[in-house]
Amino acid sequence: MYEPGGYGGGAPSSIPCNLCGGTEVSTLSNRSRSGKPLRTVICRACGLVWSDPRPHDARRFYEEEYRISYKQTYQPKSKHVLRAGKVALSRFEKIKEFLLAGPKRILDVGSGGGEFAYLLQSLGHHIHGVEPNRGYAEYSQRQYGLTVRIGFVQDMVFPAESFDLITMWHVLEHTEDPGAVLARLRSWLKPGGTLVVEVPNVEATCQAPQNTFHEAHLYNFNVVTLRRLAKKQGLYEIRHVISRDGGNITMALARDESPAEADVKLDIPGNYEWIARIVRGHRAWRHHLSLMPYLRAWQRGRRSLEEWRETTSGLSGKALLDDLYRRELQTCCSIESDHGVA
């Protein structure tokens, strides 16, 4: 077999594969997007991708450093609130089919500044959040009156089968044991309930090649490895959607009420070669000859201009969010009414 990206197999992984338990790996990358050393490996048996060794103390990093590293602030600023509110609306579109037939009990894992949880609470649902960063969690409690537990989902205790819907947006890839996290979430899910997980897609080529791997993402998935890891933990896929630019996977899962872990085939023939070929083929010259980097730059510039214009009013983050949700949901309801949707 070829070695992707010109890298050799390197030393065996010090961390067994979280999906199949294998330690035979190839090295996909030796640098993070920050330019610092980061060894990213891929399991030859199933194609799961992870950082080996761990680049940081995950608990300290997410409690203290993550938000500052990403947002340069311990609590969200108005522009962050507005941006997250727009993301919350897009996420609502992805899950609204699971919110029919009355108020739901919902858990949002990694609730951040609370914008998504606040949207669902405003729509009459009973929502709980979990967030390890104290600054963001306390902001959401204070500003929106949300019920948010501060800490890691791995440490949380909820009654078995207590939620109709659990959402986990861009959190699973940050966890040290994603399989155990999925098993824990399954135990909190009611029979007939839904778990929605969104993760970056390791097959994505919308980003510059040097930005593919970085310290914050301990694991990297494609559709096949995410589906198989969920199946191993007693969950089956309802459906999945890949974002228009290919960058994210959103997968809806349900409980398998008769899971048979021993029957789950954990190796995935061909998946290692498939992912390695994509990573190897994603070259800087090819990326810059495509429209993607220029489209993304234009989108970022337009977003920054819109945020500047919308935040010059001096309104608080909550006021901006309330106005955004009111406008967007009224438009949504109006369109549905025009099409005869109750």
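Results, tabulated for the structure shown:
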read-out	value
Residue in region 160-189 that is nearest to ASN201 (Cα to Cα), counting only those that are over 14 Å from the mean Cα position of the chain (by Cα) and in a helix (DSSP H, G or I)	GLY179
Matching residues, region 237-265, being in contact with a Leu (Cβ under 9 Å, 6 or more places away or on another chain) and either among the basic types (Lys, Arg) or at pLDDT below 90 (or both)	ARG255, PRO259
Test set (1) under 15 Å from the mean Cα position of the chain (by Cα); (2) at pLDDT below 95; (3) farther than 20 Å from PRO37 by Cβ; (4) not small (Gly, Ala, Ser) - CYS206 fails condition number	(1)
Complete set of residues in region 107-118 that are touching an Asp or Glu at 6+ places or on another chain (Cβ under 7 Å) and either hydrophobic (A, V, I, L, M, F, W, C) or in a helix (DSSP H, G or I) (or both)	PHE116, ALA117
Residues being part of a helix (DSSP H, G or I) and within 30 Å of ARG228 (Cα to Cα) - total across region 264-286	11
Residue in region 216-239 that is surrounded by the most Cβ atoms within 10 Å (Cβ to Cβ), counting only those that are more than 20 Å from ALA45 (Cβ to Cβ) and more than 15 Å from the chain's Cα centre (by Cα)	LEU235
Counted residues, region 170-189 - those being touching a Ser or Thr at 6+ places or on another chain (Cβ under 8 Å) and touching a residue at least 40 places away in the same chain (Cβ under 8 Å)	1
Qualifying residues in region 86-134 (those that are buried (at least 16 other Cβ atoms within 10 Å of the Cβ) and among the polar types (S, T, N, Q)) - the one nearest to THR250 (Cα to Cα)	SER111
From ALA204, ALA276, ALA254, ALA284, residue being touching a His at 6+ places or on another chain (Cβ under 9 Å) and touching a residue at least 40 places away in the same chain (Cβ under 8 Å)	ALA204
Close pairs (7 angstrom Cβ cut-off, 6 or more residues apart or separate chains): within 11 Å of TYR118 (Cβ to Cβ) in region 316-331, surrounded by 12 or more Cβ atoms within 10 Å (Cβ to Cβ) and among the hydroxyl-bearing types (Ser, Thr, Tyr) anywhere	GLY317/SER78; LYS318/TYR144; LEU321/TYR118; TYR325/SER122
Strands (runs of 3 or more DSSP E) contained entirely in region 1-80, each with at least 1 residues that are in contact with a His (Cβ under 9 Å, 6 or more places away or on another chain) and modelled with pLDDT of 80 or more	37-43, 49-51
Residue among ARG227, ARG244 that alone is within 30 Å of HIS287 (Cβ to Cβ) and in a loop (DSSP other than H, G, I, E, B)	ARG244
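The values are calculated or read from the model by the stated rules, or taken from the named source; none is laboratory data. Remember, it's a predicted structure, so these values are computed and weren't measured experimentally. Ideal geometry is used to build each Cβ from the backbone, glycine not excepted, and the neighbour counts take in all protein chains shown.
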